[in-house]
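What follows is a set of notes on a single structure, which appears directly below.
The values are calculated or read from the model by the stated rules, or taken from the named source; none is laboratory data. This is a predicted model, so every value here is computed, not measured. Counting neighbours? That spans all protein chains shown, and the Cβs are built from the backbone with ideal geometry, glycine included.
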Amino acid sequence: MGMVRTSLDVATIRKDFPILNREVNGRPLVYLDNAATSQTPQQVIDVIVDYYHNYNANIHRGVHALSQEATDAYEEARQKIQKHFNIAKADEVIFTSGTTHAINLVANGFSSFLKTGDEILVSAMEHHSNIVPWQMLAERTGAVLKVIPMNQNGELVMEQFHELLSEKTQLVFCNHISNALGTINPIKEIIDASHEVGAAVLIDGAQAAPHIKADMQALDVDFYTVSAHKLCGPTGVGMLYGKEEWLKKLPPYQGGGEMIAEVTFEKTTYADLPHKFEAGTPNIAGGIAFGAALDYLNQIGLEAIAQYEEELLKYATKKLLDIEGLKIYGTAEKKTSVISFNIKGIHPYDIGTILDKLGIAVRTGHHCAQPIMDFYQIPGTVRASFSFYNTKEEVDTLVEGVKRARNMLL
Ligand SMILES: *Cc1c(COP(=O)(O)O)cnc(C)c1O
């Protein structure tokens, strides 16, 4: 066993992120919108630049050297992803443009498996990208969408989940971690119980991947989705993990180049996995950089990251709750470093605007999770989400900023 690190060398880590040196409105940037997208370290930027400087070429087709180098780097990235998530076969890693694309791919494929009266279950705390594709699927097939409710703390009511499960349930989808509340959901319990009634499970891991190293084989999940831009990688690339047996059964999502075995005007046969789901020229530099982002995180260590972020979460929660009238939404026992809050009598947008003037980037609004806001009967929240490159001093700056906003607005 290696040495257990209790804290990160954040000062050194911050030097990897050029953007953290910039100023906004004359103040040092305090970037607390990590749940929307994370910042990119120089090590990952270098990989993208190196690709365009030295071996930009289309993959899987050319016989020439550049194409071979690009193909090798792209497939090596697939293997890094495979290893990171402990996936049995590299063919079970499908490159997508991100979580939204991955979920739509699965939802589209399930059109051919569902019939009227079948049931699909969604949790009450999903991102819109894990709601809308399933609503569209339900409309197409006549399947019924049912909702696993949550409680005031922002935790799923698991008794009701078990009651909702039945022989009619075909598919269950839930996020691993809520982007709006930070709740870590009991996905292993969800997966095992769903399998007992024969239902497949898709877990939206977009928010979890930067904090938790999920093990696909141990989870025994059917589908799991990740967006690289939430874990220090670039935008426009992500992963769909699917069990091979499912990916073989699912029809292709998009038709085009790369996904075919043979094309005639009479009939086209599809390529083997993973290419069946990877039509067209992919985000090659992005895919390679996705692999580099995982290397970067692993070199720091996800456990050390999670531990440090937990410290930041506790520190920030305590200091924010000292502010009069401030209420935090999402107080689950198990949560990550996301704090959604409001101050009584003030619209979240107004707080966000004042914080921006102070150089502090937070998100305001419904965070693509409107049903959660409806549940709490609020228009939205201010959301501060912390990453391993944030500091306690930045938390202090946030707290001072919120106090200032409160004094100005009340
Ligand atoms: C960000 C996020 C998404 C959407 O990811 P995209 O990269 O925009 O496709 C979906 N679910 C959760 C939980 C997220 O945090």
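A few notes on this one:
- Meets criteria (in contact with a helix residue (DSSP H, G or I) (Cβ under 6 Å, 6 or more places away or on another chain), within 16 Å of the ligand (Cβ to nearest atom) and either assigned to a helix (DSSP H, G or I) or under 20 Å from Asn407 (Cα atoms) (or both)) for Ala293: yes
- Just one of the listed residues (Ile323, Ile346) is surrounded by fewer than 17 Cβ atoms within 10 Å (Cβ to Cβ), part of a loop (DSSP other than H, G, I, E, B), hydrophobic (A, V, I, L, M, F, W, C) and in contact with a helix residue (DSSP H, G or I) (Cβ under 7 Å, 6 or more places away or on another chain), and it is Ile323.
- Assessment of region 164-175 against the conditions (of a type in the set (Ser, Thr, Tyr) and either at pLDDT below 95 or within 12 Å of the ligand (Cβ to nearest atom) (or both)) yields no matching residue.
- Comparison of Lys230, Lys267, Lys276 shows that the only residue that is touching a Pro at 6+ places or on another chain (Cβ under 8 Å), at negative phi and away from the ligand (no atom under 15 Å from the Cβ) is Lys276.
- Hits in region 326-339 - residues which are farther than 20 Å from Gln39 by Cα and in a strand (DSSP E or B): Leu326, Lys327, Ile328, Tyr329, Lys335
- Count of region 369-384 residues, restricted to those that are out of contact with any strand residue (DSSP E or B) (no Cβ under 9 Å at 6 or more places or on another chain), over 15 Å from Pro149 (Cβ atoms) and of a type outside the set (S, T, N, Q), is 0.
- Of the criteria (1) farther than 20 Å from Ile305 by Cβ; (2) more than 10 Å from the ligand (Cβ to nearest atom); (3) part of a loop (DSSP other than H, G, I, E, B), which one Ala180 fails: (2)
- Residue check: Thr116 meets all listed conditions (1) surrounded by fewer than 13 Cβ atoms within 10 Å (Cβ to Cβ); (2) touching a helix residue (DSSP H, G or I) at 6+ places or on another chain (Cβ under 9 Å); (3) assigned by TED's automatic domain parsing to the domain that holds Val382 but one, namely (3).
- Some residue of region 69-78 being farther than 20 Å from Pro234 by Cβ and part of a helix (DSSP H, G or I): no
- Scope region 14-43; condition touching a residue at least 40 places away in the same chain (Cβ under 8 Å), away from the ligand (no atom under 16 Å from the Cβ) and of a type in the set (A, V, I, L, M, F, W, C); matching residues: Phe17, Leu20, Val24, Leu29, Val30
- Residue within region 185-196 that is at positive phi and not hydrophobic (A, V, I, L, M, F, W, C) present: no
- Among residues that are more than 26 Å from Val362 (Cβ to Cβ), within 16 Å of the ligand (Cβ to nearest atom) and not polar (S, T, N, Q), Ile48 is not included.
- In region 86-108, the residues that are in a loop (DSSP other than H, G, I, E, B) and within 16 Å of the chain's Cα centre (by Cα): Ser97, Gly98
- Taking region 1-54 as the range and being modelled with pLDDT under 95, of a type in the set (A, V, I, L, M) and either closer than 18 Å to Ser337 by Cβ or surrounded by 15 or more Cβ atoms within 10 Å (Cβ to Cβ) (or both) as the test, only Leu8 passes.
- Scanning region 367-380 for residues that are farther than 18 Å from Asp204 by Cα and of a type outside the set (Gly, Ala, Ser) gives Met373, Asp374, Phe375, Tyr376, Gln377, Ile378, Pro379.
- Selection within region 149-170 - of a type in the set (A, V, I, L, M) and either assigned by TED's automatic domain parsing to the domain that holds Ile378 or touching a residue at least 40 places away in the same chain (Cβ under 8 Å) (or both): Met150, Leu164, Leu165
- In region 79-107, the qualifying residues are those that are of a type in the set (Gly, Ala, Ser) and more than 16 Å from the ligand (Cβ to nearest atom), and the one that is farthest from Gly238 (Cα to Cα) is Ala88.
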